[in-house]
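Structure first, commentary second.
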Amino acid sequence: MPYKWCRNCGRMRDFRRLGGDAERAAAREVTGQRNVDAYIRCAHEGCRRVQRHGKSSDGGTLPEELRIPAAE
């Protein structure tokens, strides 16, 4: 997965592709884009950042219910 700057975490993080209908629908709402195939999200626990693969300033924060849970 790509290693990118995460604006929410304030550091470099691993990112992954968007997964699931709920995550993709929320990304559409947050970004204002119909096609979110070029968007990735931070894979760090607790983060909700979604951003365009090649442009970190193009993105936003997913709703709280899509927060990545902490590892047990």
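Assess whether residue 21 counts as being of a type in the set (Asp, Glu) and touching a strand residue (DSSP E or B) at 6+ places or on another chain (Cβ under 9 Å).
So residue 21 does not fit the description; no.
Tally time: how many residues in region 13-72 are assigned to a strand (DSSP E or B), open to solvent by 70 Å² or more (accessible area, probe 1.4 Å) and in contact with an Asp or Glu (Cβ under 7 Å, 6 or more places away or on another chain)?
1
Filter region 36-71 down to the residues that are in contact with a helix residue (DSSP H, G or I) (Cβ under 9 Å, 6 or more places away or on another chain) and among the hydrophobic types (A, V, I, L, M, F, W, C), then identify the one that is farthest from residue 11 (Cα to Cα).
36
The values are calculated or read from the model by the stated rules, or taken from the named source; none is laboratory data. Quantities reported herein were computed from a predicted structural model and do not represent experimental measurements. Counting neighbours? That spans all protein chains shown, and the Cβs are built from the backbone with ideal geometry, glycine included. Side chains are part of the model used for accessible areas, which takes the heavy atoms of the whole protein and leaves out ligands, DNA and RNA. Shrake-Rupley method; radii C 1.70, N 1.55, O 1.52, S 1.80 Å.
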